[in-house]
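Here the structure comes first, spelled out in structure tokens, and everything after it is commentary.
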Amino acid sequence: MKVAAIQMVSGTRVDANLHTAGLLLQQAAAAGAELAVLPEYFCLLGHHDADKLAVQETPGSGPVQDWLSATARELGLWIAGGTLPLACQPPDPGRVRNALLVFDPAGQRMARYDKIHLFHFDGGDRSYDEAATLQPGTDPATFELAARDGHRWRVGLSICYDLRFPELYRHYAAQGADLLLVPSAFTYRTGQAHWELLLRARAVENLAAVVAPAQGGKHENGRRTWGHSMIVSAWGQVLALRATGAGVVLAELDAAEIAARRKQLPALAHRVL
């Protein structure tokens, strides 16, 4: 199955970001991708964290959700919609959920995952705390994707900072996941230090492929993200990568190869704890 990781440098206008995302998704579909994954905050990286509150949508209804559904249907493509802000239920004044929604080629929503682990960093010169505007999710989420070749992929969902918590991915592996999605917006500083290392580790320890689209560049709001969107094999090999700037990262995933690796090295069956 050919998959695409979409790298963006999202700005402060939802309409402009959707236009850019649409062009990149068209490229992915034209190249034969069956699944395309957008990065975290693909629809908005505002001047302030609270800007996302103004564009939050009710789950199941809203312009970004409608756009994701329509685009998946028009392109005949599975789309994992980076993240978008969804209203908390019950309402939580001043906070939203950072949600990853998956749509099938018919435009039907097939999965939702709300970011569980919220990023907090204090580098001395600057600090950042997602919990100020985000309410954490509570539940892991998977979905099944029937590829054109007949293989049914079990896909585990995660977002950005989740990458530092291997127990989430081990949970997915225990459920049979052979593909892990990690849409992200890693900071330049933490991405340079840990991004590739963590992605390859999650792939190797779970013998699962990883698709990790990212924000990658200098944004209107002055923020700089690390980029380096990549697709990683279950053996830890970087199959494709884009360092910076908007673009499409494409690679073929081989389900038979993943099954062979798991048979060759049955580490998942050797778990003790």
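The values are calculated or read from the model by the stated rules, or taken from the named source; none is laboratory data. It should be emphasised that the depicted structure is a prediction, and the values quoted were computed from it without experimental measurement. Every residue, glycine as well, gets a Cβ built from its backbone with ideal geometry; the counts of neighbours run over all protein chains shown.
Among the residues of segment 222-246, the ones that are on the phi < 0 side of the Ramachandran plot and either in a helix (DSSP H, G or I) or not hydroxyl-bearing (Ser, Thr, Tyr) (or both) come to 16 in all.
Look through segment 180-208, keep the residues that are in contact (Cβ under 8 Å) with a residue 60 or more places away in the chain and part of a loop (DSSP other than H, G, I, E, B), and return whichever of them is nearest to GLN237 (Cα to Cα).
Residue satisfying both the conditions and the ranking: LEU207.
Here ARG261 meets the list (1) under 19 Å from CYS43 (Cβ atoms); (2) not in a loop (DSSP other than H, G, I, E, B) almost entirely, failing just condition (1). Contact map, segment 113-136: first residue within 20 Å of VAL96 (Cα to Cα), second residue in a loop (DSSP other than H, G, I, E, B) and small (Gly, Ala, Ser), Cβ cut-off under 6 Å, separation 6 or more or different chains; pairs are TYR113/ALA141; ASP114/GLY137; LYS115/GLY137; ILE116/GLY137; THR133/ALA50. Any idea which residue in segment 110-141 is surrounded by the fewest Cβ atoms within 10 Å (Cβ to Cβ), counting only those that are among the acidic types (Asp, Glu) and touching a His at 6+ places or on another chain (Cβ under 9 Å)? The residue in question is ASP129. Against the condition touching a strand residue (DSSP E or B) at 6+ places or on another chain (Cβ under 9 Å), modelled with pLDDT of 95 or more, farther than 23 Å from ARG223 by Cβ and assigned to a loop (DSSP other than H, G, I, E, B), how does PRO39 come out, does it pass? When the stated conditions are applied, PRO39 does not pass them. Taken together, the residues in segment 74-122 that are under 25 Å from ALA54 (Cα atoms) and outside any loop (DSSP other than H, G, I, E, B) amount to 21. Scanning segment 156-169 for residues that are charged (D, E, K, R) and in contact (Cβ under 8 Å) with a residue 40 or more places away in the chain turns up ASP162, ARG164.
Looking across ARG200, ARG170, ARG223, one residue alone is touching a helix residue (DSSP H, G or I) at 6+ places or on another chain (Cβ under 8 Å), of a type in the set (Lys, Arg), more than 20 Å from ALA36 (Cβ to Cβ) and surrounded by fewer than 23 Cβ atoms within 10 Å (Cβ to Cβ). It is ARG170.
Being free of Cβ contacts under 8 Å to residues at least 40 places away in the same chain and of a type in the set (A, V, I, L, M, F, W, C) narrows it down to one residue among ALA177, ALA173; which is it? None of the others qualify; the one that does is ALA177.
Candidates are the residues of segment 123-142 that are in a strand (DSSP E or B) and more than 14 Å from the chain's Cα centre (by Cα); the one that is modelled with the lowest pLDDT is SER127.
The residues of segment 240-261 that are surrounded by fewer than 18 Cβ atoms within 10 Å (Cβ to Cβ) and of a type in the set (A, V, I, L, M, F, W, C), listed by number, are ALA240, LEU241, ALA243, ALA256, ALA259, ALA260.
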